[in-house]
Amino acid sequence: MTRGGEQLTVPPADFASYYGRPVLKPPVWKYDIAGYLFTGGLAAGSALIGAGAQLTGRPGLRTVGRWTALGGVAASTYLLVHDLGRPDRFHHMLRVAKVTSPMSVGTWILAAFGPLAGVAAVAELAPLLPQHGVLGLARRIAPPIGNVAGLAAAATAPALATYTGVLLADTAVPSWHDAYPSLPFVFAGSALAAASGVGLIAAPAAETAPLRRLALAAAAIELGGGHRLERQGLTGEPYTHGRSGRLVKAGRALLAVGTATALISRRSPVLSAIAGAALVASSVATRFGVFEAGRVSARDPKYTVVPQRERLASAGEQLRGGDGGLDDSVAE
């Protein structure tokens, strides 16, 4: 309604921007970080499998686990440094150790895990060395050193597998921040699934029986955490809609297919390879889906503003209720 060309009513409020600026600055991370999430989890899960194979006398599976752990952590480090832009930035993060910072803790975990995984993997080359001379001595001492390094890498692996979930939840990105109780479990299950998949593909079929049970456990952990992601209210919407939702659903479907196929594969190399490929693809889809869900929630201001308004309204109701109770007690 206007009078004399002057508008009398205020237009409806729009929270799409704050004086032309985004309500929340979207993450500057590129898809290198989504790959970093996957390869770090793969490395951690493979180190655990390698250590388990070492303790249970499965040399073929141990070798696959150790080399996959080294390859995963090498790829993870490359992707992180590439996203940072300059290698010296990774070095600079090692100048301090801040236990309250997931990024600082994660950098130190990665720096500790990498050399241990490398020593364990290189020790697998000992049988190729000559039996005499200096190299013969190296051939004899490398396996025990590799065993110690493999177990030490496995000890740090759970932290490597889950700290990225804590790192994402520590940001202001709504769909990541509200998922803080679930993301570490999703990433832990995804790490075990990916590592089990590689083992099913590459390890001798006679040694892969534990991987089938591990794949089942990984599916239970990841699906349980994923169910909680979708039930976290409005900020759980990107995990079920759009491109991010399709990736998360694809990861879930591939996880179910891979786990079911692994359980029936027994010693069939073809079925084991199919199961392994599905489990690895599941982990990739899940990591990229979670990463994309965060980007979506940061770009759309409703995921920031609507929950804030709901929290303010709830706090106001509690405050009014508390005042009322105080007044009633004084009146008595």
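The values are calculated or read from the model by the stated rules, or taken from the named source; none is laboratory data. This structure is a prediction, so every number in the text was calculated from the model and none was measured. We place every Cβ from the backbone using ideal geometry, glycine too, and count neighbours over all the protein chains shown. The protein model used for the area step is the full one, side chains on, heavy atoms only, and it has no ligands, DNA or RNA in it. Shrake-Rupley method; radii C 1.70, N 1.55, O 1.52, S 1.80 Å.
A count restricted to segment 64-86 and to residues that are open to solvent by 40 Å² or more (accessible area, probe 1.4 Å) and either of a type in the set (Lys, Arg) or over 21 Å from the mean Cα position of the chain (by Cα) (or both) stands at 2.
Okay, residues lined up against (1) over 15 Å from Trp67 (Cα atoms); (2) modelled with pLDDT of 90 or more; (3) open to solvent by 50 Å² or more (accessible area, probe 1.4 Å):
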site	(1), (2), (3)
Val134	yes, no, yes
Ala172	yes, no, yes
Trp176	yes, yes, no
Ala179	yes, no, no
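Given the condition under 26 Å from Val23 (Cα atoms), open to solvent by less than 50 Å² (accessible area, probe 1.4 Å) and either among the aromatic types (Phe, Trp, Tyr) or assigned to a helix (DSSP H, G or I) (or both), answer yes or no: does some residue in segment 267-282 qualify? No, every residue in segment 267-282 fails to be under 26 Å from Val23 (Cα atoms), open to solvent by less than 50 Å² (accessible area, probe 1.4 Å) and either among the aromatic types (Phe, Trp, Tyr) or assigned to a helix (DSSP H, G or I) (or both).
So, Arg231, is that one within 30 Å of Arg62 (Cβ to Cβ) and free of Cβ contacts under 8 Å to residues at least 60 places away in the same chain or not? So Arg231 does not fit the description; no.
Contact annotation: residue pairs with Cβ atoms under 9 Å, 6 or more positions apart or on different chains, pairing a residue in segment 61-78 that is within 9 Å of Ser46 (Cα to Cα) with a partner that is open to solvent by 40 Å² or more (accessible area, probe 1.4 Å) and small (Gly, Ala, Ser), are Val64/Ala202; Trp67/Ala202; Thr68/Ala202.
When you look at Glu207, is it among the acidic types (Asp, Glu), without any contact (Cβ under 8 Å) to a residue 40 or more places away in the chain, out of contact with any strand residue (DSSP E or B) (no Cβ under 8 Å at 6 or more places or on another chain) and open to solvent by 30 Å² or more (accessible area, probe 1.4 Å), yes or no? Considered against the rule, which asks whether it is among the acidic types (Asp, Glu), without any contact (Cβ under 8 Å) to a residue 40 or more places away in the chain, out of contact with any strand residue (DSSP E or B) (no Cβ under 8 Å at 6 or more places or on another chain) and open to solvent by 30 Å² or more (accessible area, probe 1.4 Å), Glu207 comes out as no. Segment 1-114 holds helices (runs of 4 or more DSSP H) entirely within its bounds, and those carrying 3 or more residues that are at pLDDT below 75 map to 87-93.
Pairs are defined by a Cβ separation below 7 Å, a sequence spacing of at least 6 or placement on different chains, a first member in segment 182-199 that is without any contact (Cβ under 8 Å) to a residue 60 or more places away in the chain and more than 12 Å from Ala47 (Cβ to Cβ), and a second member that is surrounded by fewer than 24 Cβ atoms within 10 Å (Cβ to Cβ) and of a type in the set (Lys, Arg); the pairs so defined are Ser182/Arg228. Being under 28 Å from Gly199 (Cα atoms) and either modelled with pLDDT under 90 or touching a Leu at 6+ places or on another chain (Cβ under 9 Å) (or both) holds for only one residue in Val270, Val248, Val305, Val330, and it is Val248.
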